[in-house]
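Please treat every number below as a calculation from the coordinates, not as lab data. Every value quoted in this text rests on a predicted model; they were computed, and no experiment measured them. Cβ atoms come from the backbone with ideal geometry, glycine included; neighbour counts cover every protein chain shown.
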Amino acid sequence: MRAESESRIARERGSAREALVRLESARTATSEQATRRAAELGPERRPLVDTRAAVVEQLGARLADLLELRRVAGEYGTDPAARLGLPAGTPRPELPRRAVARLAHWSALTADPAFGGPDRRACQVLRRSHERLVGELAPS
C-alpha cells in the first residue's frame, strides 16, 4: 500500500512539473513575441502590445504560484516549514494556519473555470499536497 501511494505521489509530482515547464515555456515565448512585435509595430498598434504584456504578467503570476509545487513536493526540504515556504524555526502553531491558507488558495483555483487542462491538474495536485500537509499537522 505504501509503495502504491509513493508511486502515485511520484506520478502527481511529474504531472505537475510537466505543467510547470509548459507554462514557463509559454510565458517566455509570449514575452519574447511581445517584445519583437513592439519593435515592429508603430504607435497606433501599441494597445495590442500592451494587451500581450498583460497576458505575460498573468502567466508570470501563475508561474509564481506553480513554483510552489517544487517546494510542497519537498525539493527544498521535507520538513513542514520548508514545504510551506516558511523559515526554519517557525512556531508550530503557525504551520497548520499556513497549510490551511494554501489549501484554500489551491482549492479556489481548482474550482476556477479559467483553469483547465494541465493548469487545473497542477492545481489539483497542489491542493492534494496541502490536504496531506494539513492532515500531517493536525493534532493527534
**Report entry** Members of segment 64-89 that are part of a loop (DSSP other than H, G, I, E, B) and not polar (S, T, N, Q)
**Finding:** Leu67, Ala73, Gly74, Tyr76, Asp79, Leu84, Gly85, Leu86, Pro87, Ala88, Gly89
Query - Test: residue in segment 90-107 that is touching a Cys at 6+ places or on another chain (Cβ under 6 Å) and not in a loop (DSSP other than H, G, I, E, B) - result: yes
Requested in this report: Give me a count of the residues in segment 109-129 that are in contact (Cβ under 8 Å) with a residue 40 or more places away in the chain and more than 17 Å from Val72 (Cβ to Cβ).
Outcome: 1
